[in-house]
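In what follows, a single structure is set out as structure tokens and then discussed.
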Amino acid sequence: MGRIDTLNRADRDLPTLAVLALLSTGPRHPYDIHRLLIQTGKVFVTGLPRSLYHAVDKLERSGLIEAVATERRAGRPERTVYELTPTGRQEVRRRVRILLTTPTPDSDITYAALSFIAVLTREEAASALRTRGEILTASVEQLTADLAAATDVEPLLLIESDFELARLNAERDWVSSLVERIESGELRWLDAFAEADRQRARP
């Protein structure tokens, strides 16, 4: 009883998602990305710093990021600065959108999607969350029907399904509330790409 998680391995790669998302605010070197992950409590990115540098290498080979400068400061090692390629800008939006859309029992994936929601426009985020809510509603209805049909099973043996039903209901209600806050303008939107463009335009 429950729902199917359809995310593939690439979509679940949270270190690469974190690099893409943080570069959406402008060029950075890996040490700066590492510092931001620690400062902002992105605990869903595990295996630091090794996983971060591995992600940077993978993304550069894939053409999603590119080196644009080398930073040299006295007493510090040389650091390569990276930025998103046009394909990388599209990819980070795609990944966050699909993670927001797809319910999963893996809370780290949900935390990551919500953490980087600003790479989407207000409309994109609300649309993805509405779809998530629809999927959650279908899962609630299916699990409720399954439990109602299990009349020959002792309730104690279904307690984990009872817990899952409560969790699904709670998430659905919270997602619905979040969509209302986004669409009403209660949440001031901070589009990561738009903000990066504004920063680059300043003299």
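The values are calculated or read from the model by the stated rules, or taken from the named source; none is laboratory data. Everything quoted here is computed from the prediction, not taken from an experiment. Backbone-built Cβ (ideal geometry, glycine too); neighbour counts: all protein chains shown.
Okay, here's what the table says:
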| quantity | calculated |
| --- | --- |
| So Pro105, is it within 30 Å of Glu141 (Cβ to Cβ) and surrounded by fewer than 18 Cβ atoms within 10 Å (Cβ to Cβ) | yes |
| Residue in the stretch 127-134 that is touching a Pro at 6+ places or on another chain (Cβ under 7 Å) and at pLDDT 95 or above present | yes |
| Leu84 being farther than 21 Å from Arg130 by Cβ, surrounded by 21 or more Cβ atoms within 10 Å (Cβ to Cβ), in contact (Cβ under 8 Å) with a residue 40 or more places away in the chain and among the hydrophobic types (A, V, I, L, M, F, W, C) | yes |
| All positions within the stretch 55-73 that are part of a strand (DSSP E or B) and of a type outside the set (D, E, K, R) | Ile65, Ala67, Val68, Ala69, Thr70 |
| Filtered residue count, the stretch 157-188, keeping only those that are surrounded by 12 or more Cβ atoms within 10 Å (Cβ to Cβ) and not in a helix (DSSP H, G or I) | 1 |
| Test for Gly63: is it in contact with a helix residue (DSSP H, G or I) (Cβ under 8 Å, 6 or more places away or on another chain) and at positive phi | yes |
| Residue in the stretch 30-38 that is aliphatic (A, V, I, L, M), under 12 Å from the mean Cα position of the chain (by Cα) and within 30 Å of Gly133 (Cβ to Cβ) present | no |
| Residue in the stretch 11-22 that is crowded, with 17+ Cβ neighbours inside 10 Å and among the polar types (S, T, N, Q) present | yes |
| Selected residue (criterion: surrounded by the fewest Cβ atoms within 10 Å (Cβ to Cβ)) from residues of the stretch 108-132 that are of a type in the set (D, E, K, R) and more than 14 Å from Glu183 (Cβ to Cβ) | Asp108 |
| Some residue of the stretch 42-54 being surrounded by 13 or more Cβ atoms within 10 Å (Cβ to Cβ), closer than 20 Å to Arg132 by Cα and hydrophobic (A, V, I, L, M, F, W, C) | no |
| Inter-residue pairs, beta-carbon under 7 Å, first in a helix (DSSP H, G or I) and in the stretch 12-40, second of a type in the set (Lys, Arg) and surrounded by fewer than 24 Cβ atoms within 10 Å (Cβ to Cβ), 6+ apart | Thr16/Lys58; Ala18/Lys42; Leu22/Arg28; Tyr31/Arg79 |
| Test: Ala192 is modelled with pLDDT under 95, under 30 Å from Ala69 (Cβ atoms) and surrounded by fewer than 17 Cβ atoms within 10 Å (Cβ to Cβ) | no |
